[in-house]
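K.L.:
Right, I'll just put the structure down here and ask away after.
The values are calculated or read from the model by the stated rules, or taken from the named source; none is laboratory data. All values reported here derive from a predicted model rather than from experimental measurement. Using ideal geometry, Cβ is built from the backbone for each residue, glycine included, and neighbour counts are taken over all protein chains shown.
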Amino acid sequence: VQNQIPYHTTDCHRQELPIPTNLYPPTCDLCYNKKRWPTVDCSNNLPTNCRKKAFFCHLLRFSPLSRTMAVQYDESSPSDADGLSPYIVAGGTLGMLALVLVGYHAFEKEIRVERGKNWKWHAAYWAIAVPIIFLVPQGLTRYVFSNLTMTVVGFAVPVYESLRAVCTPEEEDDKAWLQYWMLGGVVYILTTWVDDIIQSQFATEYWYEMMIFFFYWLYFPKTCGATLIYENATKPYLGPLLQPALNSLDNLISYIYSVLVNAVHLWFLWIIFMFLPKGLKRAVTILVGTVYPTLSSISAAATVDIDDDTYWLTYWSVYGTLFIIMDCIETWIGWIPGFYTLMIFTTIYLMLPMFQGSEKVFRNILVPLAGLQELLLLRDAIRVKKDMFKNLAPERAKTVRRAIAKFYEEDDNTADPAELKKELLSSWTGLKYPFGFGGEPSESTSLV
């Protein structure tokens, strides 16, 4: 199919190139009889129910999340024309999502214990996966193991679970998901082009099945494949080799940041980038968002300090969301000059600590959308307590803790800034400093 027409591009859509007779996208009979790709224009001549279906399939056809929705059919069997309904595919994806989440949360508490060291679970997992991949009829698996399912299992679920991990006081889940992004997240991002070029029928039939089971194996609590690979390969062997590269990138980033004030450099680099082919622009954009964060994540996971783990896990969860958005909209607006430039600058804003962009997007957008505000507040309170005992002497920390506790009494629902100021003034006199008791705070003290 790929040799006959580039069916995943918008060019064939605009020109309405003929499609092979044995390839049928899931759409209306009118488009099928004309042997044309479905378009919004042709759907205007259909009855209402067919028009809705044609438009929905048009979105699926040119969405990067479902580039392989089209399936080969036997030309002599017109009854199979609607064999691959996008609604059934979506239902299969939702069913797979339910199984993934149930399996993950049923054993989530065992991540700290298992850490991928029980080889019996690995053997059992692949003993189930391999027969499903190679023995289950393709007519059944194509509804469940689709590009959309791979995106959900390998990317969407890790994005949400990473958000939740950052919001919880547990530290083990932060490291576990950071280790997943080093391997699974990067593999997914760097293989989004594979379905556009695979020619072999074997690869077409089994690619999604293998990748879906691989991604889930990486973060399933009983197998923890990402942790297993990190502790036995990445940390002892790959980490020391990549550390010089990370140091070089740190120096390069510092140099680039120091010359950004020179507009001549910016214009020169931007002009060169604008003349690159679209595919190369996309590759550069992805490399900017993955290479340095991957090296930094490997370095962060090797340290005892959890703060750098949390920082890079926050970045991956936000960048993962940005990548999904870019992957969905670039088919329609990727041709606009400056699209990939905007993606690169957005990625840099999220990545560099000097901007704290990922933290801002995480707290102000993603956490509210995911409904995790309460969990994040509890984590912040625990971090304040940890910092208090870390930075203050025991007696002083105890006094501060008691003063803070008064602000959160069970029947204290005051949120008025003036009342909060009074509570602060009443607690201030009890705080003892190394040189005596502190005076009252000045009028410039602000709580909002």
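K.L.:
For segment 373-400, give me each residue that is aliphatic (A, V, I, L, M) and either out of contact with any Phe, Trp or Tyr (no Cβ under 6 Å at 6 or more places or on another chain) or at pLDDT 85 or above (or both).
P.N.:
Of everything in segment 373-400, those that are aliphatic (A, V, I, L, M) and either out of contact with any Phe, Trp or Tyr (no Cβ under 6 Å at 6 or more places or on another chain) or at pLDDT 85 or above (or both) turn out to be Leu375, Leu376, Leu377, Leu378, Ala381, Ile382, Val384, Met388, Leu392, Ala393, Val400.
K.L.:
Of the conditions (1) over 23 Å from the mean Cα position of the chain (by Cα); (2) modelled with pLDDT of 90 or more, Tyr180 clears all except one; give me its number.
P.N.:
(1)
K.L.:
Conditions first: (1) touching a helix residue (DSSP H, G or I) at 6+ places or on another chain (Cβ under 9 Å); (2) within 13 Å of Val153 (Cα to Cα). Val102 passes all but one, so which condition is the exception?
P.N.:
(1)
K.L.:
Scan segment 140-161 for residues that are closer than 16 Å to Gly92 by Cβ and part of a helix (DSSP H, G or I) and report the count.
P.N.:
The total comes to 15.
K.L.:
When segment 297-345 is examined, which residues are found to be at pLDDT 90 or above and of a type in the set (Gly, Ala, Ser)?
P.N.:
Ser317, Gly320
K.L.:
Given the conditions (1) under 21 Å from the mean Cα position of the chain (by Cα); (2) at pLDDT below 85; (3) part of a helix (DSSP H, G or I), and given that Ala405 satisfies all but one, which numbered condition is not satisfied?
P.N.:
Only one criterion in (1) under 21 Å from the mean Cα position of the chain (by Cα); (2) at pLDDT below 85; (3) part of a helix (DSSP H, G or I) is unmet by Ala405, namely (1).
K.L.:
Glu423: surrounded by 13 or more Cβ atoms within 10 Å (Cβ to Cβ), modelled with pLDDT under 85 and over 30 Å from Trp312 (Cα atoms), yes or no?
P.N.:
yes
K.L.:
Right, here's the next one. Please work out if Leu269 is part of a helix (DSSP H, G or I), among the aliphatic types (A, V, I, L, M) and modelled with pLDDT of 90 or more.
P.N.:
Answer is no for this residue.
K.L.:
If we keep just the residues of segment 227-249 that are within 12 Å of Thr294 (Cα to Cα) and among the small types (Gly, Ala, Ser), which is surrounded by the fewest Cβ atoms within 10 Å (Cβ to Cβ)?
P.N.:
Ala245
K.L.:
Same structure, new question: Does any residue of segment 320-340 turn out to be surrounded by fewer than 16 Cβ atoms within 10 Å (Cβ to Cβ), in contact (Cβ under 8 Å) with a residue 24 or more places away in the chain, closer than 17 Å to Leu178 by Cα and among the β-branched types (Val, Ile, Thr)?
P.N.:
Looking for residues that are surrounded by fewer than 16 Cβ atoms within 10 Å (Cβ to Cβ), in contact (Cβ under 8 Å) with a residue 24 or more places away in the chain, closer than 17 Å to Leu178 by Cα and among the β-branched types (Val, Ile, Thr), one finds none in segment 320-340, hence no.
K.L.:
Would a scan of segment 145-165 turn up a residue that is loosely packed, with under 13 Cβ neighbours inside 10 Å, in the same structural domain as Tyr216 (by TED's automatic domain parsing) and over 16 Å from Trp217 (Cα atoms)?
P.N.:
no
K.L.:
Which members of segment 230-254 meet the condition of being at pLDDT below 85 and of a type in the set (Asp, Glu)?
P.N.:
Hit for segment 230-254 is Asp250, nothing else.
K.L.:
Just the residues that are aliphatic (A, V, I, L, M) and closer than 15 Å to Gly279 by Cα, please, taken from segment 330-352.
P.N.:
Those that are aliphatic (A, V, I, L, M) and closer than 15 Å to Gly279 by Cα: Ile333, Ile336, Met343, Ile344.
K.L.:
Would you mention how many residues in segment 141-177 are more than 11 Å from the chain's Cα centre (by Cα) and not aromatic (Phe, Trp, Tyr)?
P.N.:
Residues meeting the conditions: 21.
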